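The values are calculated or read from the model by the stated rules, or taken from the named source; none is laboratory data. Predicted model only: the values in this text are computed from it and were never measured. Methodologically, a virtual Cβ is constructed for each residue, glycine included, from the backbone with ideal geometry; neighbour enumeration extends over all protein chains shown. What goes into the accessible areas is simple: the full protein's heavy atoms, side chains included, and nothing from ligands, DNA or RNA. Shrake-Rupley method; radii C 1.70, N 1.55, O 1.52, S 1.80 Å.
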Amino acid sequence: MARQYNPSNVAVIGMEWGDEGKGKIVDFLAEKADIIARFNGGNNAGHTIEANNKKIVVHLVPSGVMHRNKFNVVGNGLVIDPKILLHEIKNLEKNGIKISPQNLAISENAHVILPHHIAEDRQAGGKIGTTGRGIGPAYTDKAARIGLRMQDFVDDSIFKKRFGEEEFYQEYKGYAEELKPYINDTTAIINDAIGNNKKVIFEGAQGTLLDIDHGTYPFVTSSSATSGGVCTGLGISPRKVQSVMGVCKAYKTRVGNGPFPTEITGAVGQKIQKIGREFGATTGRERRVGWFDALIGKYAVMVNGIDSIALTKLDVFTTVDKLKICVAYKYKGNVLKDFTTSIKILQNCQPVYEELDGWWDDITKVRSYDKLPNNAKKYLRRIEELLKVPISIISVGPKREQTIVARNEFLV
Ligand code: IMP
């Protein structure tokens, strides 16, 4: 994927363990886009958007939905809980956001999450700390070639033949009828749009370290959350993805189990968790918090081909006296400068930190890079230096307008 300035399309990818603020960034970018397309995951995701005096959380419907006249695509790479999707559509409508096949298409090749997937996940997902939404079991069936695609779900001759005897059949048949008008060939829709120079945002869910291939396996989700997932999850050529924007938080968070080298325990950790309101948008669970980890950042830049970074929640650091950035891991007498997916090393290494001074001025009303406190700028510059990628967007609060564009050339 070659870097292109003022691209027609951009993939928005989580650089860590999800919850980086992709929903807000996608909503911000969507203003200038025509189509917003999700390519992976399911309702394990919770993308929070605050705009037009409303706060909504979407789990399946793409985060462009708060803008009128945008087309939203749910790609083939997703697993869809039909009950949740219909509930979400109704909830959006209650909030005055009209959803119809005119602004939402669901891939005929996305897979369906059925009640037994959820039951199985709730029983077996404890070790990983899954969201319990049936994600892993639905993707397992897909890979085992016994899953149910959306197109087969809404064709009753197929659905009934496979699941007609099940207790859930009647209820789910009703969902299938309601969803039928949305089912479409989204691969053709996206490729036509790209061919016609429409502006497209590819919206990722979860993040690089939760990716099934590149994450901290087995503490990962079951889909491709990295930029490679854009191509497989929507059916487009890698040559068509013009730009990749990585989203990362000013600090790190993780929900669920698994190693977290820069995890902060004690009073500072609790302070950041409280100010940052670090509780899951999907499950309400407490998010673990940690210092910025440059090894993870560099790894995410490499795996995804990140052109620029959207850094979120910088405002949460206001009043934190000393900020730390992890620049290496010490493990058994060796200094590691690059990230590793070895759980053994991640669990037993000691982070090596650089310390920077914090700032005390409220930055939630700052709208230009120049007006940020010097120490905030120093922190951002150090991240750019370490990751060797420019920061294009800085988020200083949850609302759409609390956004600083530092480099316009990476936006659609
Ligand atoms: P699953 O995706 O429900 O199977 O959960 C697998 C792991 O990914 C667990 O640690 C979850 O907490 C985590 N996870 C899944 N989706 C998200 C997300 O959108 N944000 C943050 N963590 C997530």
**Message:** If you restrict to DSSP beta bridges whose two residues both lie in the stretch 249-410, what percentage is antiparallel, to the nearest 5?
**Reply:** 75 percent
**Solvent-accessible area per residue for the chain (1.4 angstrom probe, square angstrom)** = 42 Å²
**Prompt:** So how far, in whole Å, is the C-alpha centre of the stretch 171-220 from the one of the stretch 335-411?
**Reply:** 29 Å
**Prompt:** Counting only Cα, what are the radius of gyration and maximum Cα-Cα distance Dmax of the chain, in Å?
**Reply:** 20.8, 66
**Item:** Positive-end residue of LEU314, THR340, LEU356, charge dipole of the chain with Cβ unit charges
**Value:** LEU356
**Item:** Cα long-axis angle, helix 169-179 against the chain (0 to 90 degrees, to the nearest 10)
**Value:** 70 degrees
**Cleavage-rule hits (trypsin sites (Lys or Arg not before Pro)) in the stretch 284-393: DSSP loop, at most 15 neighbouring Cβ within 10 angstrom** = ARG285, LYS332, LYS337, LYS365, ARG367, LYS388
**Fill in**
Of the candidates GLY229, GLN402, LEU85, the farthest towards the positive dipole end of the chain (Lys/Arg Cβ +1, Asp/Glu Cβ -1, centred on the Cα centre) is GLN402
**Asked** From the residues TYR369, ALA300, LEU380, which one has its Cα farthest along the dipole of the stretch 249-410 in the positive direction, the dipole being from +1 and -1 charges on Cβ of Lys/Arg and Asp/Glu about the Cα centre?
**Response** ALA300
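Carbon-plus-sulfur fraction of the accessible area of the chain, 1.4 Å probe, in percent? Before the final figure, lay out each step's value.
Details: 8120 of 17180 Å².
Summing carbon and sulfur atoms, their accessible area is 47 percent of the total for the chain.
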**Message:** So if I restrict to the alpha-carbon atoms in the stretch 150-229, what is the Rg, and what is Dmax, the biggest pairwise distance, in Å?
**Reply:** 17.6, 47
**Item:** Antiparallel bridge percentage (DSSP; both residues within the chain; nearest 5)
**Value:** 40 percent
**Long-range amide H partners of LYS249 with built H, under 5 Å** = THR312
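About its Cα centre, what dipole magnitude does the chain give when the only charges are +1 on Lys and Arg Cβ and -1 on Asp and Glu Cβ, stated in debye to the nearest 20? Don't skip to the answer; put the middle values down first.
Details: 56 positive and 46 negative charges, 177 e Å.
Dipole magnitude for the chain comes out near 860 debye.
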**Message:** Restricting things to Cα coordinates, could you compute the convex hull volume per residue of the stretch 249-410 in Å³?
**Reply:** 123 Å³
**Request:** Compute the acute angle (0 to 90°) between the alpha-carbon long axis of helix 115-124 and the principal axis of greatest extent of the alpha-carbon atoms of the chain; round to the nearest 10°.
**Result:** 40 degrees
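How large is the charge dipole for the stretch 249-410, taken about the Cα centre, if only the Cβ atoms of Lys, Arg (+1) and Asp, Glu (-1) carry charge, to the nearest 20 debye?
Numbers: 28 positive and 18 negative charges, 69 e Å.
Charge dipole of the stretch 249-410: 340 debye, to the nearest 20.
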**Request:** For helix 186-195, report the angle its Cα long axis makes with the longest principal axis of the Cα atoms of the chain; keep it between 0 and 90° and round to the nearest 10°.
**Result:** 60 degrees
**Request:** Heads up, I need the accessible area for THR364: 1.4 angstrom probe, whole protein in place, Å², nearest 10.
**Result:** 30 Å²
**Request:** List the lysines whose Cα lies under 21 Å from the Cα of LYS344, skipping any in the same chain that are fewer than 8 positions away.
**Result:** LYS127, LYS252, LYS298, LYS330, LYS332
